[in-house]
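**Student:** The structure that follows is given in the form of structure tokens.
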Amino acid sequence: MSKVVYLNGSFVDYAEAVVPVEDRGFVFADGVYEVIRFYGGKPFAAEEHLARLRRSAEAIKLDGLPSTQELMEAALETVDRNGCVNATLYLQVTRGPAPRKHEFPASEVPVTVFMIAREVPRPDAERVNRGVACITVPDIRWHRCDIKSIALLPNVLAKQQAAEAGAAEAIFVRDGIVTEGGSSNFFMVRGECLFTHPADEHILAGITRDYVLSLARKLQIEVREETFGMSEVENADEVFITSTGIEVLPVTTIDGKPVGNGVPGPVTKRLWQAFDDSISKL
Ligand code: PDD
């Protein structure tokens, strides 16, 4: 249980933190969010996360975001006050409380800014070595998946379906194209080449995705940001997914069929190792 949360400029006891019932986040899912990882008490790629938060806010015309410096200081203090070491910091900004009306409220309504830190261990090495199962689901989301919106019902439903199928992640397929996971980005390795969906409006441009692509380039692995379908994935040598929480996670079965030879592959392992090395140097 988290002890203290950040709410609109103050640090408040978890049990005392209250948001008005007509907050537009609650009523319309009218807001954006980020999840930032902390390792050994230090943030990982926090500037990139806060820059994406600002892009998401701009994309939904949400004005009044605190400055990046204020957000950064509040994030660090939230983690610090909760004595977190290896943690995730959840940060949400909504268009604030106002009588329910779809159009934006008058500009004097202040945005709601909320942060909560939770101790979360590094991914389980045994699970990483074994790899995980995924299922595919139709991508029924809107056409602005590049915005990190708090409106996550399709993702919630997809991930619940995966959980009920005993799978770790649901992989979205839109018009025959594999886009991304319910809360992760999707990569496949074919031959010597690493493929992932381009960072357009059909996926969230993951911070981990970007980081892994830069690691791949450093390791001289050829990278192609191109669209592909399930028939290509069925012939892939390796598949893995990435996110702030799971880092680099090998996928060994999709819809019950083995990926490649059914075990985490060498390119995935190199990337996981490179990711792990950069964290230990933080
Ligand atoms: N989700 N795609 C989707 C749909 C996501 O929700 C996420 C992350 C990612 C990976 O992004 P990043 O590498 O920046 O974490 C891709 C977060 C972790 C969540 O909702 O909990």
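The values are calculated or read from the model by the stated rules, or taken from the named source; none is laboratory data. Bear in mind the structure is a predicted one, so any value in this text is a computation, not a measurement. Neighbour counts run over all protein chains shown; Cβ positions are idealised from the backbone, glycine included. Accessible surface is based on the protein model in full, side chains and every heavy atom, while ligands, DNA and RNA are left aside. Shrake-Rupley method; radii C 1.70, N 1.55, O 1.52, S 1.80 Å.
**Student:** Taking the alpha carbon gyration tensor of region 196-257, what are the square roots of 5 times its eigenvalues, largest first, to the nearest whole Å?
**Tutor:** 19, 14, 14
**Student:** For n ≥ 4 DSSP H runs only, could you compute -39500 (n - 2.57) per run for the chain, divide by its residues and tell me the 222 nm figure to the nearest 500?
**Tutor:** -8500 deg cm²/dmol
**Student:** Separate question: Counting only heavy atoms of the protein chains, get the accessible area per residue of region 125-280 (1.4 Å probe) and round it to a whole Å² value.
**Tutor:** About 44 Å² of surface per residue is accessible.
**Student:** In bins 5 Å wide, starting from 0, what share of all Cα pairs of region 148-236 does each bin hold, as a percent?
**Tutor:** Pair shares across the bins are 3, 13, 22, 24, 21, 11, 5, 1.
**Student:** Could you list which residues have their amide H under 5 Å from that of GLY96, counting only those 5 or more apart in sequence or on another chain, with H placed in the peptide plane?
**Tutor:** Amide H neighbours of GLY96, under 5 Å, 5+ apart: ARG24, GLY25, THR112.
**Student:** Restricting to region 125-280, compute how many DSSP beta bridges are antiparallel as a %, nearest 5.
**Tutor:** Around 60 percent antiparallel, to the nearest 5.
**Student:** In 10 Å bins starting at zero, report the fraction of Cα pairs in region 167-219 per bin as a rounded %.
**Tutor:** 23, 54, 23, 1
**Student:** Using the Karplus equation 6.51 cos²θ - 1.76 cosθ + 1.60 (θ = phi - 60°), what ³J(HN,Hα) coupling, rounded to whole Hz, does each residue of region 11-20 give in order, writing x for Gly and Pro?
**Tutor:** Karplus-based 3J(HN,Hα) across region 11-20 equals 9, 10, 4, 3, 6, 9, 6, 10, 10, x Hz.
**Student:** Non-local amide H neighbours of VAL132 (under 5 Å, H modeled in plane, Pro and chain starts lacking H): which ones?
**Tutor:** When sequence neighbours closer than 5 places are left aside, the close amide H contacts are VAL251, THR252, THR253.
**Student:** In whole Hz, what ³J(HN,Hα) sequence does region 226-243 give by Karplus (6.51, -1.76, 1.60; θ = phi - 60°), x for Gly and Pro?
**Tutor:** 9, 7, 8, x, 5, 5, 5, 4, 4, 9, 6, 7, 8, 9, 8, 10, 9, 6
**Student:** Tabulate in residue order the Karplus-calculated ³J(HN,Hα) for region 123-139, using 6.51 cos²θ - 1.76 cosθ + 1.60 with θ = phi - 60°, rounded to whole Hz; enter x for Gly and Pro.
**Tutor:** x, 5, 4, 5, 5, 5, 5, 8, x, 10, 8, 10, 10, 9, 9, x, 7
**Student:** Rg (Å, one decimal) plus Dmax (Å, integer) for the alpha carbons of region 125-280?
**Tutor:** In Å, with Rg to one decimal and Dmax whole: 14.2, 40.
**Student:** Placing +1 on the Cβ of each Lys and Arg and -1 on the Cβ of each Asp and Glu in region 4-119, which of SER10, GLN69, TYR39 has its Cα farthest towards the positive end of the resulting dipole?
**Tutor:** TYR39
**Student:** Within 10 Å, count the other beta carbons around each residue, average over each peptide in 100-113, 24-37, and list them highest first.
**Tutor:** Sorting 100-113, 24-37 by mean packing, highest first, produces 24-37, 100-113.
**Student:** What is the calculated FRET efficiency for ILE177 to LYS42, with r their C-beta to C-beta distance and R₀ = 30 Å, to the nearest 0.05?
**Tutor:** Computed FRET efficiency for ILE177 and LYS42 comes out at 0.25.
**Student:** So how do 117-126, 174-183 stack up, highest first, on mean other-Cβ count within 10 Å?
**Tutor:** In descending order of packing, they fall as 174-183, 117-126.
**Student:** Among all the aspartates and glutamates, which ones have a C-alpha under 19 Å from LYS101's C-alpha, if same-chain residues fewer than 8 places away are not counted?
**Tutor:** The qualifying aspartates and glutamates are GLU22, ASP23, ASP30, ASP63.
**Student:** Give the peptides 81-89, 3-11 in descending order of average Cβ contacts within 10 Å, highest first.
**Tutor:** Those peptides, ordered most packed to least, come out 81-89, 3-11.
**Student:** What FRET efficiency do you get for LEU153 and LYS3 if R0 is 30 Å and r is their Cβ-Cβ distance, rounded to the nearest 0.05?
**Tutor:** Given R0 = 30 Å and the Cβ-Cβ separation, E is 0.50.
**Student:** Identify all lysines with a Cα-Cα distance to LYS42 below 20 Å; exclude those on the same chain that are fewer than 8 residues away in sequence.
**Tutor:** LYS42 reaches LYS3, LYS281.
**Student:** Moving on. What value in Å³ per residue do you get for the convex hull of the alpha-carbon atoms in region 4-119?
**Tutor:** Roughly 91 Å³ of hull volume per residue.
**Student:** Could you pull out every residue, at least 5 positions away or on a different chain, whose amide H is within less than 5 Å of the one on ASP200? Hs are placed 1.01 Å off N in the peptide plane, and Pro or chain starts have none.
**Tutor:** Excluding prolines and chain starts, which carry no amide H, there are no hits.
**Student:** How big, in percent, is the set of alpha carbon pairs in the chain lying more than 29 Å apart?
**Tutor:** Value for the chain (Cα pairs over 29 Å): 36 percent.
**Student:** Heavy atoms only, probe 1.4 Å: what % of the accessible area of region 127-262 goes to carbon and sulfur, would you let me know? Walk me through the intermediate numbers first.
**Tutor:** Details: 2950 of 5870 Å².
With neighbouring chains kept in place, the figure for region 127-262 is 50 percent.
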